[in-house]
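Novice: Would you mind keeping the following structure in view while I ask a few things?
The values are calculated or read from the model by the stated rules, or taken from the named source; none is laboratory data. In this text the structure is predicted, and so the values were computed from the model without any measurement. Ligands, DNA and RNA are stripped out before the accessible areas are found, and what is left, the full protein with its side chains, is counted by its heavy atoms. Shrake-Rupley method; radii C 1.70, N 1.55, O 1.52, S 1.80 Å.
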Amino acid sequence: DAAPGMVLIDDRPSREIPLAVLRRNIGYVPQETFLFSETLAENIALGGDDATPEQIADAAGIAGLAEDVRGLPAQYQTVLGERGITLSGGQKQRTAIARALLRQPRILILDDSLSAVDTYTEEKILTRLREVMRERTALIVAHRISTVQGADLICVLDRGRIVERGTHAELMKLNGVYTDLFERQKLEEELAAG
């Protein structure tokens, strides 16, 4: 629980907002996704019992899952194995993203939830998310610079403290922790491609 005035939502201390209202307006996608041994549609619609098949498909499309669904035996009616065993790590993460998006949250928290997808798929998802999250807030926790590069504000953490903050261009000019991480990841990508 943050100290009074520390966490503001629309310039209002979060403590003043009823917990049920906060929970209804926040979509959270953890790195480790939990899926149930139900259909893909039921996993996406979790918590949104009145979701239509069209809304489920729209959320899956934004999350970059729609193409994968076409390859499943019963598409959205495919029953996922225990903890979603029939899906890859990236498909599980995208299912969880679709689940969060279906609720149309005012605040979306992605906790390293794009780590299991390749950078090409990640960019497609982020492009769609930018459209959907316009006029909303997205908090993205990531280790890959490519995930946060287009953010309005990037906060760089080192040992639990914010050591740098700014846009990608501003942070690159600082030539600090962010720049070092960017250069290291760029080199790793070149070596992997090479």
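Novice: If DNA, RNA and ligands are ignored and the probe is 1.4 Å, what is the ranking of Asp180, Asp111, Asp10 by accessible area, most exposed first?
Specialist: Asp10, Asp180, Asp111
Novice: Show Arg103, Arg94 ordered by accessible area, largest first, where the area counts protein heavy atoms only and the probe is 1.4 Å.
Specialist: Correct descending sequence by accessible area is Arg103, Arg94.
Novice: Out of these labelled values of Rg/Rh (Cα atoms, Kirkwood Rh), [x] 1.00; [y] 0.97; [z] 1.07, which was calculated from the coordinates shown here?
Specialist: Entry [x].
Novice: In the chain, carbon and sulfur make up what percent of the accessible area (probe 1.4 Å)?
Specialist: 52 percent
Novice: Sticking with this one: Under 24 Å Cα-Cα from Lys92, which lysines qualify once same-chain neighbours fewer than 8 residues away are excluded?
Specialist: Lys124
Novice: Further, regarding this structure: Which residue fluctuates most in the GNM of the chain (Cα springs below 10 Å): Gln77, Gln91, Gln104?
Specialist: Comparing Gln77, Gln91, Gln104 in the GNM, the peak value goes to Gln77.
Novice: What lysines sit close enough to Lys173 to cross-link, taking a C-alpha to C-alpha distance under 24 Å and skipping anything fewer than 8 places away on the same chain?
Specialist: Lys186
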